[in-house]
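Structure record follows, encoded as structure tokens.
The values are calculated or read from the model by the stated rules, or taken from the named source; none is laboratory data. On a predicted model such as this, the values are computed, not experimentally measured, just so you know. Here the Cβ positions follow ideal geometry from the backbone for every residue, glycine too, while neighbour counts run over all protein chains shown.
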Amino acid sequence: MEEERDDVIRDSSPEQEEQEVVNDVPEDDQQEQEVDSQPESTEKQSLPVEGIPTVMQDVDEMGVPWKNRAMEYQRKLSAKESREEEILKKLNNIEQSQQPKYTEEDLANYIANPEADPNQRVAAIKELKRMEEERIRSHVKSELSSYQQEQQDKMIRTQAYGYVQQNFPEAFKKDKAVT
């Protein structure tokens, strides 16, 4: 009888172990699911300070948010560019003030002066020619731009006429004369 009891006990104990194992597996799955859900929430929040969770921002190695770094670099870059523009303007003003502006009359009078240095006369003649070329260039440029503007206006007018004629043909039908 004792053997039967041992058999019964042995038979019952593997079943109980399986039940415990079966019960343990879902608990592990539940724990893993809870663990999986916890890192998502902890990634978005830092350690609570005095019980208040704070949202983490992307920060650099010094703890400064990248947004602040980017804004600071942008500010410095724009300041540098504006400073560079100011310096270039000052340089241009200096260059322009150093070169005297002679009119065509002044150059013509200097060329006509018999006491003038021949080398300076040649320079005055070149400057006079350069001024004449610049005046002709600006005149041609203005004439060309006005011609191009006229052509563009003409093309737009023709396109508008074609559009209206295509989309509203009844406007172009001839009326029958009543006799």
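Checked against the criterion of being without any contact (Cβ under 8 Å) to a residue 24 or more places away in the chain, polar (S, T, N, Q), exposed (fewer than 11 other Cβ atoms within 10 Å of the Cβ) and assigned to a loop (DSSP other than H, G, I, E, B), the stretch 95-108 has at least one qualifying residue. The residues of the stretch 50-65 that are modelled with pLDDT under 85 and of a type in the set (Val, Ile, Thr), listed by number, are Ile52, Thr54, Val55. Annotation for the stretch 158-178: at least one member residue is modelled with pLDDT of 95 or more and of a type in the set (A, V, I, L, M). In the condition set (1) surrounded by 10 or more Cβ atoms within 10 Å (Cβ to Cβ); (2) at pLDDT below 90, Glu133 is compliant with all but (2). One residue alone among Ser138, Ser145 is farther than 30 Å from Ala108 by Cα, in the same structural domain as Tyr110 (by TED's automatic domain parsing) and part of a helix (DSSP H, G or I), and that residue is Ser145. Here the condition is being of a type outside the set (Lys, Arg) and at pLDDT 90 or above; of Gln74, Gln33, it holds for Gln74 alone.
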